[in-house]
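**Q** Let me give you the structure first, and then I'll get to my questions.
Nothing in this text is a laboratory measurement; each read-out follows from the coordinates by a stated rule. Computed from a predicted model, the values in this text were never measured in an experiment. Note that each Cβ is placed from the backbone with ideal geometry, even for glycine, and that neighbours are counted across all protein chains shown.
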Ligand SMILES: C[S@@+](CC[C@H](N)C(=O)[O-])C[C@H]1O[C@@H](n2cnc3c(N)ncnc32)[C@H](O)[C@@H]1O
């Protein structure tokens, strides 16, 4: 077991920040201890310096280190009013433009968020009778969650899920379902939804993104900014605004905001922002 004193914890805290900009506050040192114990349980590093050197040399270990420090909590149709807004306001007006629609989900975790977007897009096409091509790009820094997302297989307790009514009406369009018992449901995402989404790894703090400026009609950036310092949040937000088309929509998580960013936006409430000129 690795011995961890205050200095060691600080070194780890700095390394996490360097690799992901995830800012672990001093009061969460116990979390660093638990997670580093998980990472190193089958390894025999005798001190933190040795581990940190290995992380600098070995890309795979560096990725495992990042993976162990991300927090991946997510749900289908989390903050469901954003999906209602996408269905009722955003997609009908985009359908009228008769061109492909591009949506970016930039911290997609295990995939429930981009699949909820895909369900909404598919349902919108049906009710508005649109043949529009809708492409969803879903990214995350964590390679493990991306694997789960790509598999599209989930086990959940249906009694604890609260989805929009229309999802229950259409559920067999979106998922193959196997109920093990009333509390345990296995969902397998249908191929047609998977085909709408491209999953790829992206650290939001990479120097460049593989996208063009004003590439996207809609960006979901929910419940990830909270892990970053204010300046880092603002850096990401201004880059995301650069990727968003004029009149495009940005959705943030419930405890996130735009600070005093110098971007003209219309605020619809509930963390829904429209980019103006
Ligand atoms: C709490 S989850 C939010 C998932 C989803 N957006 C939602 O609202 O349900 C936060 C996600 O952000 C990802 N993340 C953290 N730092 C990141 C970074 N620097 N670049 C990209 N993704 C990051 C984590 O791996 C994690 O999956």
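**Q** On full extension of the chain, what length is gained from residue 81 through residue 238, given 0.36 nm per residue of separation minus the C-alpha to C-alpha distance?
**A** 54.1 nm
**Q** Starting from 0.36 nm per residue, how many nanometres of slack lie between residue 161 and residue 17 once their C-alpha separation is accounted for?
**A** Values: separation 144, 0.36 × 144 = 51.84 nm, distance 3.37 nm.
Contour length minus Cα-Cα distance gives 48.5 nm.
**Q** I would also like to ask the following. What percent of all Cα-Cα pairs in segment 86-157 falls into each 5 Å bin, going from 0 up to the bin containing the maximum distance?
**A** 3, 16, 25, 20, 14, 12, 7, 1
**Q** Enter the angle in degrees (range 0 to 90, nearest 10) between the Cα long axis of helix 29-40 and the first principal axis of the Cα atoms of the chain, meaning the one along which they spread out most.
**A** Rounded to the nearest ten degrees, it is 90.
**Q** Could you work out the Kirkwood radius for segment 234-277, taking every pair of different alpha carbons, averaging 1/r and inverting it, reported in Å? Let's see the in-between values first.
**A** Working: mean 1/r = 0.0956 Å⁻¹.
Mean inverse Cα-Cα distance, inverted, gives 10.5 Å.
**Q** How many nm is it between the label spots at residue 180 and residue 98, if each spot is 7 Å from the Cα in line with the beta carbon?
**A** Modelled inter-label distance: 5.1 nm.
**Q** Could you tell me whether segment 120-207 comes out rounded, prolate or oblate from its Cα gyration tensor? Rule is a ≥ b ≥ c as square roots of the eigenvalues, rounded for a/c under 1.5, then prolate if a/b exceeds b/c, otherwise oblate. Walk me through the numbers on the way to the answer.
**A** Values: a/c = 2.24, a/b = 1.19, b/c = 1.89.
Note, shape of segment 120-207 comes out oblate.
**Q** Could I ask something else about it? Taking the convex hull of the alpha carbon atoms in the chain, what volume per residue do you get, in Å³? Walk me through the numbers on the way to the answer.
**A** Working: hull volume 40.4 nm³, N = 277.
It comes to 146 Å³ per residue, whole-number rounded.
**Q** Could you state the angle between the C-alpha long axis of helix 230-243 and the longest principal axis of the C-alpha atoms of the chain, as a value from 0 to 90 degrees rounded to the nearest 10?
**A** Relative to the chain, helix 230-243 is tipped by roughly 40 degrees.
**Q** For helix 112-127, report the angle its Cα long axis makes with the longest principal axis of the Cα atoms of the chain; keep it between 0 and 90° and round to the nearest 10°.
**A** 10 degrees
**Q** Say R0 is 22 Å: what FRET efficiency, to the nearest 0.05, do residue 126 and residue 198 get from their beta-carbon distance? Mind showing how you got there, number by number?
**A** Values: r = 22 Å, r/R0 = 1.02.
So the FRET efficiency works out to roughly 0.45.
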